[in-house]
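Below is one structure, written out as structure tokens, with a few remarks after it.
The values are calculated or read from the model by the stated rules, or taken from the named source; none is laboratory data. A quick note: this is a predicted structure, and the numbers were derived from the prediction, not measured. Quick reminder, even Gly has a Cβ in these numbers, built from the backbone with ideal geometry, and neighbours come from all protein chains shown. Surface accessibility is based on the protein's heavy atoms, side chains included, excluding ligands, DNA and RNA. Shrake-Rupley method; radii C 1.70, N 1.55, O 1.52, S 1.80 Å.
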Amino acid sequence: MASQSCDGILLGMGNPLLDISAVVDDEFLQKYDIKLNNAILAEDKHKSMYDEMTNKFNVEFIAGGATQNSIKVAQWMLQKPGATSYMGCIGKDKYGEEMKKNSTAAGVNVHYYEDENTPTGTCAVCVVGGERSLVANLAAANCYKSEHLKRPENWALVEKAKYYYIAGFFLTVSPDSIQLVAEHAAANNKVFTMNLSAPFICEFFRDPQEKALPYVDIVFGNETEARTFSKVHGWETDNVEEIAKKICEWPKVTARKRIAVITQGADPVCVAEDGKVQLFPVILLPKEKLVDTNGAGDAFVGGFLSQLVQEKPISECVRAGCYAANVIIQRSGCTYPEKPDFQ
């Protein structure tokens, strides 16, 4: 890494959300019709849950949103201020200020688009027995415009980066921004990575997802998302290894072969590349040490990317991903100690 400048080497774009995280009870889940291990967008019936959580439970506020989590973890693993950049939309309010403070303190070079009229997005992180469910109220995160990306000071971040990561959630907000970055990456032989992110993205945002896929060099996802992707495309298989191989075979605009990386909770990570599948065991954790699975998938991606940008082999990227996820699930929210001890 020392031989090449890592300044701004990794750029993320996504939906910045202030996580409102709390251990809740089953009654709360039932009241708002929330299922564990799921991620959904808030509907009208969920609007009152944010205040209720804050009043009823012991909440923590953490600068989150899937892509921002991954970028912060990659930044933490790299331990080089400014190695990563991030763009997304926040509101001009106290939550937005909190977000700026939190991400800047993490060493990420954030260029937020600030919306005057819409509050900063929030995400309720409801934790029961270490399992989490996410209900995102996008608010300002939903207002990102590609005009912001095209401003010279922001496009400079795109040009400086050699690796890009965008969670699938951003497909609901600014698919044209994704295309701009994807096309730049393809034209300049840079590495473009994306995440399937949630079953509802595969189901209801199929068109923009299919439009972005030909540009994607590495596809991340978990087993539920992979199976939903398979179902949506009529592949008639639930076998994660088969699905990963099929994702790799999806048409591609550049010559670089696509890699699919599918996590499966406590089961091995499935990596498909060039028609072959490798399984990598995760670091097993005794149940009593599990605090909160929120951010585990994001942390895995962050750890993975921290080694990818250093041109380490895929096996090392996966090992770093598993390390980062293991650290995160032993803590509340997507948080980490001051320094990693990844060897």
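Structure above, values below:
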item	result
Residues within the range 324-343 that are under 14 Å from residue 74 (Cβ atoms), open to solvent by less than 30 Å² (accessible area, probe 1.4 Å) and either among the hydroxyl-bearing types (Ser, Thr, Tyr) or in a loop (DSSP other than H, G, I, E, B) (or both), tallied	1
Count of residues meeting criterion [in a helix (DSSP H, G or I) and either touching a strand residue (DSSP E or B) at 6+ places or on another chain (Cβ under 7 Å) or open to solvent by less than 40 Å² (accessible area, probe 1.4 Å) (or both)] in the range 264-307	12
Enumeration of residues in the range 107-124 that are closer than 23 Å to residue 156 by Cα and in a loop (DSSP other than H, G, I, E, B)	107, 108
Of all residues making up the range 66-106, the number that are open to solvent by 20 Å² or more (accessible area, probe 1.4 Å) and either without any contact (Cβ under 8 Å) to a residue 60 or more places away in the chain or not in a helix (DSSP H, G or I) (or both)	13
Unmet requirement for residue 58, which otherwise passes all of (1) modelled with pLDDT under 95; (2) part of a helix (DSSP H, G or I)	(2)
Single condition residue 199 does not satisfy, out of (1) touching an Asp or Glu at 6+ places or on another chain (Cβ under 9 Å); (2) buried (at least 22 other Cβ atoms within 10 Å of the Cβ)	(2)
Any hit, the range 250-257, residues being on the phi < 0 side of the Ramachandran plot, modelled with pLDDT of 95 or more and not in a loop (DSSP other than H, G, I, E, B)	no
Members of the range 15-49 that are part of a helix (DSSP H, G or I) and touching a helix residue (DSSP H, G or I) at 6+ places or on another chain (Cβ under 9 Å)	28, 31, 49
Residue 87, sole failed condition from (1) out of contact with any His (no Cβ under 7 Å at 6 or more places or on another chain); (2) modelled with pLDDT of 95 or more	(1)
Filter result (open to solvent by 10 Å² or more (accessible area, probe 1.4 Å) and on the phi < 0 side of the Ramachandran plot) within the range 308-321	308, 310, 312, 313, 314, 315, 316, 319
For residue 202: the one exception among (1) part of a strand (DSSP E or B); (2) under 19 Å from residue 35 (Cβ atoms)	(1)
Filter result (open to solvent by 20 Å² or more (accessible area, probe 1.4 Å) and among the hydrophobic types (A, V, I, L, M, F, W, C)) within the range 40-65	40, 41, 42, 57, 59, 61
Test: residue in the range 139-148 that is within 15 Å of the chain's Cα centre (by Cα) and under 30 Å from residue 45 (Cβ atoms)	yes
Among the residues listed as 130, 121, the single one being under 30 Å from residue 56 (Cα atoms), out of contact with any Asp or Glu (no Cβ under 8 Å at 6 or more places or on another chain) and either free of Cβ contacts under 8 Å to residues at least 60 places away in the same chain or open to solvent by less than 20 Å² (accessible area, probe 1.4 Å) (or both)	121
Condition check for residue 224: polar (S, T, N, Q), within 18 Å of the chain's Cα centre (by Cα) and open to solvent by 50 Å² or more (accessible area, probe 1.4 Å)	yes
In the range 157-188, the residues that are more than 14 Å from residue 205 (Cβ to Cβ), assigned to a helix (DSSP H, G or I), open to solvent by 50 Å² or more (accessible area, probe 1.4 Å) and without any contact (Cβ under 8 Å) to a residue 60 or more places away in the chain	159, 180, 183, 187
Test: residue in the range 144-156 that is of a type outside the set (A, V, I, L, M), at pLDDT below 95 and open to solvent by 60 Å² or more (accessible area, probe 1.4 Å)	no
Options 217, 207; residue that is modelled with pLDDT of 95 or more, out of contact with any helix residue (DSSP H, G or I) (no Cβ under 7 Å at 6 or more places or on another chain) and open to solvent by 10 Å² or more (accessible area, probe 1.4 Å)	207
Qualifying positions in the range 232-246 - charged (D, E, K, R) and in contact (Cβ under 8 Å) with a residue 24 or more places away in the chain	241, 245
